[in-house]
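Structure record follows, encoded as structure tokens.
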Amino acid sequence: MLRRLAIGLLWAVPAYGLGAFGGGYFIYLTSANQHDRSVEAAMTGAFVLGPLAALIGFLIGTWRAAKPKVG
């Protein structure tokens, strides 16, 4: 069980980075906000898309660690 959680955390860390930076960049490119576009992108990436990606990465990591090894 502890091994599954550790692998899940190892998946969550890079997933957070991808979600935060990739999502922030996407928001920066698509935002119609003209005054504080960079702040909007940074906050959305760090506090919305990054944690969402980390959660998804954690779930995928724990799921993949739980699969039985065949062969």
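A few comments on the model shown:
- 12 Å reach of a label modelled at Met43, 7 Å along Cα-to-Cβ, counting backbone N of region 16-33: none
- Semi-axes of the equivalent ellipsoid for the chain, computed as √(5λ) from the eigenvalues of its C-alpha gyration tensor and ordered from largest down, come to 33, 10, 7 Å.
- Given charges at beta-carbon only (K, R positive; D, E negative), |dipole| of the chain in Debye: 580
- Zone of Val70's modelled label, taken as backbone nitrogen in region 4-28 under 16 Å from a point 7 Å along Cα→Cβ: none
- Per-residue accessible area (protein heavy atoms, 1.4 Å probe) orders Val13, Val39 as Val13, Val39, starting from the largest.
- Helix 50-66 vs. the chain, principal-axis angle (Cα, 0 to 90°, nearest 10): 10
- Positive-end residue of Val48, Pro14, Thr62, charge dipole of the chain with Cβ unit charges: Thr62
- Taking the protein heavy atoms of the chain in the context of the full set of protein chains, the accessible area attributed to carbon and sulfur is 74 percent at 1.4 Å.
- With DNA, RNA and ligands ignored, accessible area of Thr62 (1.4 Å probe; Å², nearest 10): 20
- Expected 222 nm ellipticity per residue - DSSP helices of 4 or more, -39500 (n - 2.57), all of the chain, to 500: -21500 deg cm²/dmol
The values are calculated or read from the model by the stated rules, or taken from the named source; none is laboratory data. Computed from a predicted structure; not experimentally measured. Cβ sites come from the backbone with ideal geometry, for glycine too, and all protein chains shown count toward neighbours. Remember, those area values only see protein heavy atoms, side chains included, never the ligands or the DNA or RNA. Shrake-Rupley method; radii C 1.70, N 1.55, O 1.52, S 1.80 Å.
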